[in-house]
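Student: My questions will all concern the structure given below.
The values are calculated or read from the model by the stated rules, or taken from the named source; none is laboratory data. Please read all numbers here as calculations on a predicted model, not as lab measurements. As a convention, Cβ positions derive from the backbone with ideal geometry for all residues, glycine included, and neighbour counts pool all protein chains shown. With ligands, DNA and RNA removed, areas are computed over all heavy atoms of the protein, side chains included. Shrake-Rupley method; radii C 1.70, N 1.55, O 1.52, S 1.80 Å.
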Amino acid sequence: MKQAPAPEELQSQEEAAPEGEGALRYAAPALEKGLDILEALADSATGYTLNELAQKVGRKVSEIFRMAVTLQRRGYVQVDENDRYTLTLRMFELAHRQQPLKSLVSAALPLLRELANRARQSCHLTMYQGGRVVVIAQVESPERWSFGLKVGVVMGLTDTSSGHVLLAFRDEIDRARMLRAHIGVEGELDMDPGELFAILQEVRERGYSAMPSKQTRGITNIAFPVMGAADHVIASINVPYIERIDQKSAPDVVQVRGIVGNISARLSALMGASGYNDNE
C-alpha cells in the first residue's frame, strides 16, 4: 500500500509547484462552501433564505443545501419560521475559549459591574475583530430602565466611539491595516477619510472618545481604551450615556466620564499596561 507523503515532502512539493498550483492542489471545496455561508451570514442582521444565500455566495441551492443543513445540525446556524438562516453565537462561543480573551473578560466583568453601579448606566467591552467592532462583554444598568448592547453584536469601525478608540490608539501601520480590512455593518455611516483622521487625532489627544451616538438619538457614547502589554490598545470600554431628567439624582456626563476613565485605567493595569494614566 502506498504511504502518504511525509509533511516535509508535502512542503517540498508545494514549494516546487507553479505559483497558485499548490493552493489548488490542497483545496477543500466543501470547507470553502461552509466558510462562504458563515461569512455571508455574518454580514446580515436578518439572515437569508436558502435561495438568497445561494445568490449571495454565487452558488446553486443544490451546492449549498447539505452544507447549510450540516451547519444547522452542528449549531452554527439556525432557521426561523420563515426559513431564514441566521448565525447563532456558536462562533462567538468558540472565540471565547481562547485564553487571552477569557482572561480579559474574566478580569473585566467585576470592574464593569462596579462601573454600572457607580455610573447608574449600562456599559460594554469591545474588541476589534475582522474589520469590525465586536461586543465581548456587557453589564446592564441597575436602574429600572437601561440602554445596552448585546454580547456578540458587531458595530461599525469608523462611526462609533468604540471604533474610534480602537483605531486612535494603534500605530499608523496597524491603523492602516485595520481600515483596509474594514467591513461595513448594516446602517454604518460613510466617513470622509479626512474627517475620520481628525477625529482620531482628537481622541488620541484627549485620551478618550465622547460623542453623540450616530445610531440612536439621545445617547452620548463615552469610550476609553483598555491597554495591554507594551501599551497597545486591546479593547474599549463604552458607556451609552442616558441623561436622567426627572427628580432622581444620578451622575452627570462629566462624572460618568471620570468613572469610565478610572475603570479603564484599572483594567489596563490588570492587563499589563505600564504608565497608563487614570483620567478621572
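Student: Can you tell me which of 234, 259 is over 15 Å from residue 126 (Cα atoms) and touching a residue at least 40 places away in the same chain (Cβ under 8 Å)?
Tutor: Going through 234, 259 in turn, just one is over 15 Å from residue 126 (Cα atoms) and touching a residue at least 40 places away in the same chain (Cβ under 8 Å): 259.
Student: How many residues, within segment 192-219, are in contact with an Asp or Glu (Cβ under 6 Å, 6 or more places away or on another chain) and not charged (D, E, K, R)?
Tutor: Total satisfying the criteria: 0.
Student: Starting from residues that are open to solvent by less than 30 Å² (accessible area, probe 1.4 Å) and assigned to a loop (DSSP other than H, G, I, E, B), keep the ones in segment 43-62 and report whichever is nearest to residue 83 (Cα to Cα).
Tutor: Within segment 43-62, the match that is nearest to residue 83 (Cα to Cα) is 47.
Student: May I pose another question? Out of (1) among the charged types (D, E, K, R); (2) within 20 Å of residue 162 (Cα to Cα); (3) at pLDDT below 90, what's the single condition that is false for residue 144?
Tutor: (2)
Student: Oh, and also: Please identify the pairs in which a residue from segment 178-194 that is under 17 Å from residue 46 (Cβ atoms) has its Cβ atom under 9 Å from the Cβ atom of a residue that is β-branched (Val, Ile, Thr) and in a loop (DSSP other than H, G, I, E, B), counting only partners at least 6 apart or on another chain.
Tutor: 184/158; 186/46; 188/158; 188/160
Student: Within segment 251-260, can you find the residues that are more than 20 Å from the chain's Cα centre (by Cα) and either under 30 Å from residue 171 (Cβ atoms) or open to solvent by 40 Å² or more (accessible area, probe 1.4 Å) (or both)?
Tutor: 252, 253, 254, 255, 256, 257, 258, 259, listed by residue number.
Student: Pairs please, first residue from segment 39-65 and more than 24 Å from residue 130 (Cα to Cα), second anywhere and charged (D, E, K, R) and open to solvent by 80 Å² or more (accessible area, probe 1.4 Å), Cβ atoms under 9 Å, 6+ apart in sequence or on different chains.
Tutor: 49/83; 50/83
Student: Evaluate segment 169-180: report whether one residue or more is under 28 Å from residue 251 (Cα atoms) and surrounded by fewer than 20 Cβ atoms within 10 Å (Cβ to Cβ).
Tutor: no
Student: Quick check on segment 114-133: of everything there that is assigned to a strand (DSSP E or B) and open to solvent by 10 Å² or more (accessible area, probe 1.4 Å), which residue is nearest to residue 147 (Cα to Cα)?
Tutor: Only one residue fits best here, namely 127.
Student: Across segment 134-152, which residue is most open to solvent (accessible area, probe 1.4 Å) among those that are in contact with a His (Cβ under 9 Å, 6 or more places away or on another chain) and of a type in the set (A, V, I, L, M, F, W, C)?
Tutor: 151
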